[in-house]
Each structure stands twice: as structure tokens, then as C-alpha cells.
There are 4 protein chains.
Amino acid sequence: MMADKAKIGVLGASGYTGSELVRLLLRHPTVELTLLTADRRAGQEMRTVFPQFAPYQLPTLVAIESVDWNAANLDLVFCALPHATTQKVIKDLIAKAPQTKVVDLSADFRLADPASYARWYGHEHHAPELQRQAVYGLVEIYRDAIRKASLVANPGCYTSCAQLPLTPLLKAKAIETDGIIIDAKSGMTGAGRSAKEEMLFSEVSEGFHAYAVGQHRHMAELDQEFSRAAGQEVIVSFTPHLLPMNRGILSTIYVRGNRGTSPEDLHAILLKFYANEPFVHVLPFGQVPQTRHVRGSNMTFIGVAKDRAPGRAIVIAALDNLVKGASGQAVQNMNLMLGYPETTGLEQVALFP
Amino acid sequence: MMADKAKIGVLGASGYTGSELVRLLLRHPTVELTLLTADRRAGQEMRTVFPQFAPYQLPTLVAIESVDWNAANLDLVFCALPHATTQKVIKDLIAKAPQTKVVDLSADFRLADPASYARWYGHEHHAPELQRQAVYGLVEIYRDAIRKASLVANPGCYTSCAQLPLTPLLKAKAIETDGIIIDAKSGMTGAGRSAKEEMLFSEVSEGFHAYAVGQHRHMAELDQEFSRAAGQEVIVSFTPHLLPMNRGILSTIYVRGNRGTSPEDLHAILLKFYANEPFVHVLPFGQVPQTRHVRGSNMTFIGVAKDRAPGRAIVIAALDNLVKGASGQAVQNMNLMLGYPETTGLEQVALFP
Amino acid sequence: MMADKAKIGVLGASGYTGSELVRLLLRHPTVELTLLTADRRAGQEMRTVFPQFAPYQLPTLVAIESVDWNAANLDLVFCALPHATTQKVIKDLIAKAPQTKVVDLSADFRLADPASYARWYGHEHHAPELQRQAVYGLVEIYRDAIRKASLVANPGCYTSCAQLPLTPLLKAKAIETDGIIIDAKSGMTGAGRSAKEEMLFSEVSEGFHAYAVGQHRHMAELDQEFSRAAGQEVIVSFTPHLLPMNRGILSTIYVRGNRGTSPEDLHAILLKFYANEPFVHVLPFGQVPQTRHVRGSNMTFIGVAKDRAPGRAIVIAALDNLVKGASGQAVQNMNLMLGYPETTGLEQVALFP
Amino acid sequence: MMADKAKIGVLGASGYTGSELVRLLLRHPTVELTLLTADRRAGQEMRTVFPQFAPYQLPTLVAIESVDWNAANLDLVFCALPHATTQKVIKDLIAKAPQTKVVDLSADFRLADPASYARWYGHEHHAPELQRQAVYGLVEIYRDAIRKASLVANPGCYTSCAQLPLTPLLKAKAIETDGIIIDAKSGMTGAGRSAKEEMLFSEVSEGFHAYAVGQHRHMAELDQEFSRAAGQEVIVSFTPHLLPMNRGILSTIYVRGNRGTSPEDLHAILLKFYANEPFVHVLPFGQVPQTRHVRGSNMTFIGVAKDRAPGRAIVIAALDNLVKGASGQAVQNMNLMLGYPETTGLEQVALFP
């Protein structure tokens, strides 16, 4: 019955993670979209901003400041706003509508440590008490905490694609913690929808490059999560690259087994860890994943292969940065927070070719 | 309950229309895939041929000749085989298992006239009696006949993308029947999965060209359907081109209004014709569609604009060649033939970006 | 000897036609680049704006208003500025340095008729006396006039790709002048380097669409040139589309032979017209061109095929919009204006794949 | 004068390295192409196999076995044949026409050690005496030997893109020799022109993957050259990936400075080593290259950046796999072997966008 569906809002619906949320939620059987915001496009219909939604009924886009959070009476809000504005918006929202749960897709609540946040972002956090309450939203690692959370910090796409393959290995103390190298490659949608010269088709197609070499902000999140998993400080090398394609992240990760742990052992650990997970699939030993085979789905594929040098292994993970790396992960979090089966609305099979 | 689901087979599951059928049917709530064939890959798992299916349980691929049609006891078979072999396979299948319905995705049963078939394909049809029974499977035009059919000839992707915009205009006698020009552009998946030099990535990317200029076989199908719609012989100009992308067909169609019919009138005719259709969306007058906004969905977008020359209009249609242009259309046919709601399993929203 | 080389300036060097001019002129044996302007990037090195020039010595970018035209003592200037600013800049330049010749790559001097200009652009021309002197720079049609010109209006890329195949047919009165349809498709570099949302990689890749349907400004230029060629008013249908690739325009042109002129006759006319042209290649009858085979070169390929309907032909032309459609054509003009062999610096073979 | 030009043959002209040789040599002022072979296309014109050559006069393709090497009287032959056939063809050629020099683009003569060859390729070398004479053709490292060589083994594209950044650092003993990780990404033209399913446009576009993980044959060549440079055995980790684009290789290389050598020191070593090289450009410290900025040129761009972990650096190199990674490098070798200026015919500036 319509009245029983959860009322959902998407803040920042004019960006790619916003449109991806709308795509998934339009087909989710137990929720309804009742609020869509997009400040610069306020007053417009979603079909103007994203013509793929032309056939569907959706709320008109409004500005955030025009929303009465209490009257909106939302069960859950996805916040897909840029860094910085996010903290104030969520603080205000939760103050006015404490019954509304939040999944935040920005980086604003991912770092638990205020000092770490201040160091990487150059200013004090604007909502430190919320920062403490926020649960890190990587379901496969923090499922129980997420079920009980009212504010979940959805992980970054690069970090999801590094944590899913590495966290079980670090928890098992199966790999050396120094010298881990993550060579990551992402499709362009990971850079969002801002009109920047370097993101033009003609600048991107038929070419490839690394960026933010040695200094990417996602490293703070990696440090936090890998150190938690390992029980000691872990600092990895991480180099992001941009691929001339829309969707997909692939991480090629170079590790050394700890005290005689073989590549086959690492594979066995991952296979066991993810045996019952609906959205992580570990390939047979020696096989490696391709981003195209998870496109549009909430699936992560992981492969492990033997490197030439004794004791070294290459672990490769692939996911769709807009789905498992962002909006699909966010819906997975929502399902847990609202008590729905975890896979609802996320069953779509990858679109290949 | 599992036992209540219809049993479905896909013949030719190792091609792109085959994998697209599997993608859609895996999520269809009232059918189950119980047979997958692929002669050259017989004995292999579907995950070997299409790694995106690795997380799912699917029947092992078998060779067609090893199938006992009667024992298989299928409710419906999708036939995604190459031209020529199709006729014999379906003839044999229907002879042995008359209760099994068939949706054929090849061109073999699209032409109703044996003489026309012989002229375009250079040989007599191998199953002329089936050719007579076959219903042309463009749902929006032949819905009622399809409901009662046991053999449906699924339309070609190019022809679907030309018929959906033109047939209502021809039926209404709103446009001149001579001088119609269809300039069509298709993504590469329309060419299938054969390993040919001209289909290599390096031959296709960063370039564009027309092919089969003046002589494409799809013209026979266009002639038949347009002449039926107009009630007189119609011969159009049709030029197919190949786009450096995977999915999507866009037809740019140049027409002249009949006896004072304006471009706005043409738009009104289409708007009315498709008012209640779930899979055809007519844009506001003057707006034109983009293939990316229907990618992965079963939707067709149609736009009408005024040309410079008085009385002339430009009609543009876009669809995903693998979905509405092939496998989605086939599932839509299946839903009618098996008495399911027409949109079941086809609700997926387009994947953009 | 260095001192003997012609001194060349490029105004607007930070756009794609600007960088393409620099690419070509860096290897032109009898000119040297002594001035590069780019207002928003003034003070920067070209390698910052276009890293491919990092290994080469080039003048630092300056603002146009800082240039002393007389002191600069340039032999020729390429003007690759946006519409509107162009007229004033060239008027000022020619007033101060009448010895400096100009090839203008904007649309500002292409229309000879002030009334036509005012109608299409919505304001009076700012330099009507220069407008009268300007020679239309399509070398294959206006070679002699270009040799003597001091101001040449370089043709648009779409119009070049329509005129080269059509003008000889219109001059020969071989085709009917009404009902000509030009379905044109362009790579993204034709849209320039502006940071607009609709030009982002994620908005463009894996998709295709028409734009400015029924109303593109290039039509004014087509009207002028086709009417000149035919000796009577000619109004064509012209629909531009955007391809998910960088370089290349392909025009698919639908024509009817005049009074019994066959497609083969049309082919013969083109073959003869271009027999000695270094940069136009007419393919054997029935063969059609691909954009990828002219990429990076100054070549135009033209093909003619028979349509199904009697008397109708399909003429297809392909060129690189940044070379023959812009900067290569401009260098070809420069060679004539400065008395160099026409092909100097333009011999580069197409880059395929 | 025509008669003074060197006579050049290209064996295997129907592949991409073959066509790239023809592209470059057509514009080389002191050579003429007098022999083109392509066994499967023998008797055809080059324009049939590669339509971009339609405007140019080129020899008809012939089969290798039909060539009389002595009568052909070639100054130099480029051999772009598949592995295995190469050894016999060159052995025969040199026996019959000892005056003809050879640049071989296959892997057949790159390994100097017969034992290493046998281990990696699974059989004894068919021309061991030639294997001993062959000079490894990376000009920046072996320039003097190449000048005197009559048989040069052109390096592989992956290995060129790893050696140019690493060899100077190993020679200087500036980096630790264990733990070097080379994460390499290549455009599709590196895979050649064979019609294989996994190389189809629809299989490659919009996706990314690693292949031959832990076991690529190019490793033998890397081992040989790095061990030579370091004066001790060096075994690197090397993982190749395929990019959805045509041209370009980018190597992201993770190294540790030796005994206090900083990333800035590594940069200084490379800057000095390549100070006078025409085809290697070292970017300012901290800047990293993009493949698009070397496309179509013979240039290699190298960048060095500081990694997070103390003592670690990231070195990134980019080149066009068909030019500096294959045919451009081969022409550079030819220039040295025939006594021409090294840069002749290779001056073309990169084609971007």
C-alpha cells in the first residue's frame, strides 16, 4: 500500500550520485521519493536535468533552504552534496527532524577522528558531535552497527574498491602492512558533473593519466580503515588514475604475504570472508575481474593471482563507482537502517556489453 | 512457488542478444531459465562466456542437437541464432514440442511473403507453413495478434527504430509516402559478437561511417511494414551507420506532411498514438531524443521538430538496440504470449551516465 | 635562414583550432610563430595550456590588447577567436598594420551580404567594409581569389564537409536544388573547448544525438554558397549530430539527379572536378568514406552510391573538422596568400588507428 | 633525387605496426618504399587494407615467399611479422642479401641469451648466430651500437615505457633493485589487428582489466635489460592492463630510493640523462604525463613525484605504443643505421585532442 512506503529524500539530485539514487529508488518496492533538492536547478523538473527520467513521475526539484524538515516527515535522506555544505545541512536537518535517518555520500562524516579531519581538510569539523555518532557505511565490514545507526557515512568509491579486497587480509594479519601499493583506475563519473575543462570529452577520450599523485584526500579514509582492520598504523601507497570511460573502478593491489602466507592462502581468506555476501564475488584463484562485468550492478568482483617474486601477490578488485562505490552502497545502507532485506532494489544484473 | 514459474529456453546464449535475454530473465519474477544453448561453447558455464553472470546459478550451456524438446517441456523458447539455421531448428522444435511457444530474434520469420523472402535472401524459405503462422512482434502495432501467437518474429533493431516513429504517421496518411529518408545510426552491439577485423576496437573507436549504402536487407522488412501501414507500396531511403559506442540506435527521419499537415500535427498524432504505451515516450514538440537516455531500458524516445523547408518535418527516435531493439522487445512479446503483465521484468530505468 | 621565414601570429591559441594551428605551423618550414594570444591565459606558457607542446620553444601567451600590431610586424595572423570579438579585433589590427594578412576562423566574415548577416546574427556587422573585401576561403572553389586576398574567411567545418561534395554538382546543374538533405555528424572537438556540462565526457561518451534541429546558424553559410554555385536560391535541410569521438565530420547527403542524371554521372562529375586536387580524394563508385581514415590529415574523402529509389543518389563526405574543417584549411589559405606551395606543412598522412 | 633515396621494405604491412611504418616513411625525405608484403593480402593494394592510404602511390602487397631478396636490392627491411616466422624469414633474407639491413619489430631477437629465449618461448632459437649479432634497439641506451648494427631488435612497447624511466636510475644505482613495481596500461593497438572476440569494440569499450597477471612474456626482456643496467639480477613486478582507447602506454612505477636518494634526486638523474635527447622529455618535478599528449608522436614524457611513504617515489612514463613503442622507434633505428639525422621523418607533433 502506498501509505506504507518509506518517504525518502535525495539532497543534491542533479549530480550523478543523485541521479543514480533516483534510478535505483524508482524501482525499490518499499520506498517512495518525496523530496528531491538541487539548489541551482530549483523549480525544474528532474526530466530537464536528466532526460532519462522523462517517462516517470518525480517530485519537482526544490532548494534545500526551502524545505521544512519536520513537515517533510522523511524516513530517510540521502545527502549527495558537495563537501563543506554537507555538515551544516545535516546538522540542521537532524536538529529539526530527529526521526529522519541520514545516509551521507560526501566525505564529511567518514573520518572519526576530529584531529585527522582537521589535518586533511584544513578546518575544524562543523558538527563534531554528529561526527562521533556517524557509522562508517561499508556494509560488509560494519553491518551490525549500520542497522542501528541514524547517520551513516557512505564510503568513497576508491576506498570501497581498496577496502573490500584488503580489509579481510589485514584483519587476518595475512599480509605485511608496509609496502602495500594500490594502483587505482576510475571511470570519469567518479569526478562528478562539474563543468571543468579537464573533464570535457575531448580532453578525456583516447587518453589516460594519473592525478593527485602522492596526495589524494581519500588516503585519510584508507589510513583510518586499514589501521582499524590491522590493529596498527598502516600507510599505503595509493595512486588514482582516470580512465576514458564512464563507470568502473579497478584497483590493482600489490601485497606481500606475512610469514609464509601464500597467494593461495590470501585467496582462501577472501573466499571464506565473502562466502555469504550477496554483493562481493571472489573469482577462482588466478582469475582477475574486469570493470565491464559489474557495470550498473551493486556487485564487487575480486581476484587474486601469484606475482613473480616469491611471497608476493596481486589482488584486483572491480566495482561500479556509482553503484557499489556510491549510490548502490547507500541503498544497501538504507535497507539495513529501515529494516528491509539488504538486497531489495539492488538485484539488477550488470549491463554488459 | 518455483514450480509455478514458466520454463524458458534461450537458443544461442553466447551472443549479445542471448546474454541480454539472460540478464532480463534472471530478474523476471515468473519465469525460470531451464535451457541455454550455444553450440561452440557447449559444456561450458555461462560465466565463462559472459563473466558478468559469475554470481548467478544458470544451466550449463548445451548444443542444440543434444536437446530433447519434448522432455525439456519448455513453455517458451527464445531463438537467438544466426540466419538460416533458425528455420530448421524452429521447425524441428515445433514439430516435437508443439506446446512450446517461440519468439524468434532472427530475420527468418519477419517477411510474410515467400516471394519477398526468396528475393532478398536468395533461396526458398525452409518452413513456409510456419512463415505464414508467424506474427510480426512489434507489440505497439500488433499487440492483439501477439497475445494469441505461438510463433512471433521479433523485429529488427533498425526497423523497430524506424517503425515506431513512422507507422502511426503512415496509418494516419499524414505524410507523403515517397521521399521518406531514414538516416540511421547504430551502436556496435547491433553487429553481434563475431570476431571480424572490421569490428575490432581499434577499427571502430574514434571513427564513423555508413555501410551497406543503398542495399541493406532490413529494407525488406521496412517495405513490408510501411506498405501495410500506408495501405500502398512505400519505398524509403535507408542508410545505416556505425557509431563508436556499444548500445543505442538513433533514426533521423525526414518527411513531408501530406496536404497541409504540419510538423505540429505529426507530433500530435504520435502523442495520441502512444499516450498509454509503457515503452514509448513522445517528447514535447521541438525536443529530440538522445540514445544515452534510453540505454539499458526498454524505452523508445521520439521527438518531432520543424524543418526549414515549409511542410517538412524531422522525426527522431532513439532506443537501445539490445533491449527494445531485440531482447527487451522479445520479453515484452513473451509476457503477452504467456499472459503476464506486459511490463514485467522490463521496468529497469535507463543507465545514464 | 630564420630571417626569411614569415612571421605568424595566432589569436586565440588556447582553443582547439588554435592548438591545431600551432601543431601544423611548428613543422611548417617557411614560417615562424612569433605571437600567440589567449586572454584568459595571458602570461602562461603554451605547455601549461596544452602539455603536448612541452618539448617545443613557443612564444609566451599574451593578451590581445597588449599587442602593438605595427611593432609585431606580422606577415599573417590566424584569428581563432569567438564570434563577436573577432570583428573588432580584425578591424583594429588591419587599421594599425595594413601589411598583415588575416585568415579568420570564426563565422564573422563568411557571409558577404550585410542583410543576411544581420538576420542570422541579430545585429549589424561591425566592420561592413571588411566584410565586403573578405574572400570565402574554400580553396578548391575560390583558389584564385584567395591568392590575392588580404582577409580570408575560413569556412565552417560542417559547411566544408557539405560544400566539397555538393558544390561541383550544383555548378554542373546535375542535381535538383530542392529536397537536398544533409545529415551531418561531427566529433566533439567541433564544439570547442568551453567547459559546459553537456560537453563533459560522461555526458557525451556512449551516446549520440542531433542538436539545433531545423535552425543551425551554419545554414546561412550553406545557403550563400549553394545559391552562388547553383545560380539560384537553394535551401537545404541540414541536421547536425554529435558523435562520441574527438575528430571527424561525416555528411550523408541525399540528392536527386536532374533530368536523367544518374548516380554514376554524379560520381564522374566529382571525379573530374577533383582530379588534380591534393586534398580531395574521390573514392571508386559505390565506396564510401570513414572519418577515421582522414583523422589528423588535411584530406577530404568523398563517395557516391546509388540509392534504391530511381534517380536518387547518396553522396558521403568525410574530413577532420580540426584540419580540413578548420586549421589545415587555414594553413592552405595562408600558403596561397603568402605565395608558398599549397601543400607545404600539410602533407601529414592520416593517423589510423 | 629519387635515385639517391634508400630502398626500404616492410614485411607484414597489413598490421598496425606495418601501417604505422608506411605512414611515417611516406613522409621521410630520404627513403622510398619499394616493397610491402602481407601474405594473406598478397595481390591487393594497400588502400584496400588501409583506406587512409588511398591518395598515395604505394607498391602492391606481395607474399614474402615471392620476393627475390637479392634482386629487391633493399637498403633496409622492417620486419613486422608475428613471432616464430620472423626468425626464418630474417635468416633467409640475410643469407641471400647480406647488404640489406634489418630492423625487426618482433620479440624474436630481443633476448641475447639463448637459454633465456628457450625458457620463455619453449623452443631453441632458429637463428642463434643472428641472435648473437642482433643489437637491442633502444636508441637512448644503445645509440652507438645501433649505428654499426646490421640487425636491430626493436624493443617492445611495454618494455620501452618501463626502460626509459628506469634504466637511468638503475645505472646510477639510485633505487633499490627489489620491490620495483611496474603497473602498466596500454591502448588496444598494442594487441595488434587479429580478429579475436576479446578485442571486439563491444568487449573493450567502457571497461578496463588486467591480463597475463604475473606471467607476461615481456618480463624476459625487462629482466635482461634491467639486470644489464643494474649490473646485478633485477626481477620486477609487472602487470599489464588494457585501456579502452587506441594509442598510448602509461607506466606507473613504484620505487624506493637507495641509501637516502630522494624523489627529487631521481628526478635530477633523469633530467640530466635525457637533457639532450630529442624524443624523451622529463617534466618538472611533481608533474606527471598523460598519454594523449604524446599521441602520434615519437615522444616519451616522464614525470617523477614523491610518494607518501618516506624514501618512496612514483615515476610515470607515457608514450605512443605504435610510434616510440614500435614503428617510430624503428625509424629512429633506421636513421642511425643508414647515417641519416636521427630525427628525420619523426618530427610530427602529438595529435591532441
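Taking the stated definitions as given, is D:Val67 on the phi < 0 side of the Ramachandran plot, touching a strand residue (DSSP E or B) at 6+ places or on another chain (Cβ under 6 Å), open to solvent by less than 50 Å² (accessible area, probe 1.4 Å) and touching a residue at least 12 places away in the same chain (Cβ under 8 Å)? So that I can check it myself, show each step before the final result.
Numbers: on the phi < 0 side of the Ramachandran plot: yes; touching a strand residue (DSSP E or B) at 6+ places or on another chain (Cβ under 6 Å): no; open to solvent by less than 50 Å² (accessible area, probe 1.4 Å): yes; touching a residue at least 12 places away in the same chain (Cβ under 8 Å): yes.
For D:Val67, the condition - on the phi < 0 side of the Ramachandran plot, touching a strand residue (DSSP E or B) at 6+ places or on another chain (Cβ under 6 Å), open to solvent by less than 50 Å² (accessible area, probe 1.4 Å) and touching a residue at least 12 places away in the same chain (Cβ under 8 Å) - is not met.
Taken over segment A:322-353, the residue count meeting the criterion of being within 11 Å of chain B (Cβ to nearest Cβ) and closer than 18 Å to A:Val152 by Cα is 2.
For the subset of segment A:202-225 comprising residues that are open to solvent by 10 Å² or more (accessible area, probe 1.4 Å) and of a type in the set (A, V, I, L, M), which member is nearest to D:Ala184 (Cα to Cα)? Ranking the qualifying residues of segment A:202-225, first place goes to A:Val213. Taking first residues from segment A:259-283 that are of a type outside the set (Asp, Glu) and partners that are open to solvent by 70 Å² or more (accessible area, probe 1.4 Å), the Cβ contacts under 6 Å between residues at least 6 apart in sequence or on separate chains come to A:Pro263/A:Lys306; A:His267/A:Phe285; A:Val282/A:Leu271. Scanning segment D:221-235 for residues that are within 11 Å of another protein chain (Cβ to nearest Cβ) and in a helix (DSSP H, G or I) gives D:Leu222, D:Asp223.
For C:Ser186, the conditions (1) at the interface with another protein chain (Cβ under 7 Å from one of its Cβ atoms); (2) in contact (Cβ under 8 Å) with a residue 12 or more places away in the chain; (3) hydroxyl-bearing (Ser, Thr, Tyr) are fulfilled apart from (1).
Which one of these is more than 12 Å from chain C (Cβ to nearest Cβ) and touching an Asp or Glu at 6+ places or on another chain (Cβ under 6 Å): B:Ala195, B:Ala112? Outline the logic, then answer.
Numbers: B:Ala112 fails: touching an Asp or Glu at 6+ places or on another chain (Cβ under 6 Å).
The unique qualifying residue is B:Ala195.
When the criteria are applied in full, C:Thr85 fails the requirement of being open to solvent by less than 60 Å² (accessible area, probe 1.4 Å), of a type in the set (Ser, Thr, Tyr) and more than 14 Å from every other protein chain (Cβ to nearest Cβ).
A quick yes/no check of all residues on (1) over 18 Å from the mean Cα position of the chain (by Cα); (2) over 20 Å from C:Ala162 (Cβ atoms); (3) open to solvent by less than 10 Å² (accessible area, probe 1.4 Å); (4) within 13 Å of chain B (Cβ to nearest Cβ):
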| position | (1), (2), (3), (4) |
| --- | --- |
| C:Leu242 | no, no, no, yes |
| C:Arg247 | no, no, yes, yes |
| C:Ile253 | yes, no, yes, yes |
| C:Gly260 | yes, yes, no, no |
| C:Leu266 | yes, no, yes, no |
| C:Phe273 | yes, no, no, no |
| C:Val282 | yes, no, no, no |
| C:Gly286 | yes, yes, no, yes |
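Exactly one residue out of B:Ala115, B:Ala134 is small (Gly, Ala, Ser), touching a Lys or Arg at 6+ places or on another chain (Cβ under 9 Å) and closer than 23 Å to B:Gln163 by Cα: that is B:Ala134. Scanning segment D:304-321 for residues that are in contact (Cβ under 8 Å) with a residue 12 or more places away in the chain and within 8 Å of another protein chain (Cβ to nearest Cβ) yields D:Ala305, D:Lys306, D:Asp307, D:Arg312, D:Ile314, D:Ile316, D:Ala318.
One residue is enough: does segment C:70-80 have a residue meeting the conditions at pLDDT below 95, surrounded by fewer than 21 Cβ atoms within 10 Å (Cβ to Cβ) and within 22 Å of the chain's Cα centre (by Cα)?
Let us first name the residues in segment C:70-80 that are at pLDDT below 95, namely none.
No; the residues of segment C:70-80 include none that is at pLDDT below 95, surrounded by fewer than 21 Cβ atoms within 10 Å (Cβ to Cβ) and within 22 Å of the chain's Cα centre (by Cα).
For segment C:288-303, a residue qualifies if it is among the small types (Gly, Ala, Ser), on the phi < 0 side of the Ramachandran plot and more than 9 Å from chain B (Cβ to nearest Cβ), and exactly one does: C:Ser297.
Within segment B:65-88, is there a residue that is within 16 Å of A:Val349 (Cβ to Cβ) and in a loop (DSSP other than H, G, I, E, B)? So that I can check it myself, show each step before the final result.
Of the residues in segment B:65-88, the ones within 16 Å of A:Val349 (Cβ to Cβ) are none.
Among the residues of segment B:65-88, not one is within 16 Å of A:Val349 (Cβ to Cβ) and in a loop (DSSP other than H, G, I, E, B), which makes the answer no.
Does C:Pro278 qualify as being within 14 Å of chain B (Cβ to nearest Cβ) and either crowded, with 16+ Cβ neighbours inside 10 Å or closer than 20 Å to C:Ala184 by Cβ (or both)? If you could, list the steps in order and put the result at the bottom.
On the way: within 14 Å of chain B (Cβ to nearest Cβ): no; either crowded, with 16+ Cβ neighbours inside 10 Å or closer than 20 Å to C:Ala184 by Cβ (or both): yes.
Answer is no for this residue.
Find the residue count for segment C:202-219, including only residues that are of a type outside the set (D, E, K, R) and part of a loop (DSSP other than H, G, I, E, B). Can you show your working first?
Here is the first cut: in segment C:202-219, the ones of a type outside the set (D, E, K, R) are C:202, C:204-205, C:207-216, C:218-219.
With part of a loop (DSSP other than H, G, I, E, B) added as a condition, the list becomes C:205, C:207-208, C:211-216.
Summing the residues that are of a type outside the set (D, E, K, R) and part of a loop (DSSP other than H, G, I, E, B) in segment C:202-219 gives 9.
Going residue by residue through segment D:229-245, is there one that turns out to be among the β-branched types (Val, Ile, Thr) and within 23 Å of A:Lys185 (Cα to Cα)? Give the steps one after another, and end with the answer.
Step one: of segment D:229-245, the residues among the β-branched types (Val, Ile, Thr) are D:234-236, D:239.
Still in the list and also within 23 Å of A:Lys185 (Cα to Cα): D:236, D:239.
Within segment D:229-245, one or more residues are among the β-branched types (Val, Ile, Thr) and within 23 Å of A:Lys185 (Cα to Cα).
Checking the structure you have, find out if any residue of segment D:19-35 is buried (at least 23 other Cβ atoms within 10 Å of the Cβ), over 21 Å from D:Leu336 (Cβ atoms) and under 20 Å from the mean Cα position of the chain (by Cα). Yes, there is a match, as at least one residue in segment D:19-35 is buried (at least 23 other Cβ atoms within 10 Å of the Cβ), over 21 Å from D:Leu336 (Cβ atoms) and under 20 Å from the mean Cα position of the chain (by Cα).
The set of residues from segment C:105-125 being hydrophobic (A, V, I, L, M, F, W, C) and either free of Cβ contacts under 8 Å to residues at least 60 places away in the same chain or in contact with a Phe, Trp or Tyr (Cβ under 9 Å, 6 or more places away or on another chain) (or both) comprises C:Leu105, C:Ala107, C:Phe109, C:Leu111, C:Ala112, C:Ala115, C:Ala118. Tell me, please, whether a residue that is closer than 21 Å to A:Tyr16 by Cβ, in contact with a Gly (Cβ under 8 Å, 6 or more places away or on another chain), modelled with pLDDT of 95 or more and not β-branched (Val, Ile, Thr) can be found in segment A:298-311. The answer is yes, given that some residue of segment A:298-311 is closer than 21 Å to A:Tyr16 by Cβ, in contact with a Gly (Cβ under 8 Å, 6 or more places away or on another chain), modelled with pLDDT of 95 or more and not β-branched (Val, Ile, Thr). Within segment A:36-58, the set of residues being open to solvent by less than 20 Å² (accessible area, probe 1.4 Å) and either touching a residue at least 40 places away in the same chain (Cβ under 8 Å) or facing chain B (nearest Cβ under 9 Å) (or both) comprises A:Phe50, A:Gln52, A:Phe53, A:Ala54.
The values are calculated or read from the model by the stated rules, or taken from the named source; none is laboratory data. For clarity, every value in this text was computed on a predicted model and none was experimentally measured. We place every Cβ from the backbone using ideal geometry, glycine too, and count neighbours over all the protein chains shown. Ligands, DNA and RNA are stripped out before the accessible areas are found, and what is left, the full protein with its side chains, is counted by its heavy atoms. Shrake-Rupley method; radii C 1.70, N 1.55, O 1.52, S 1.80 Å.
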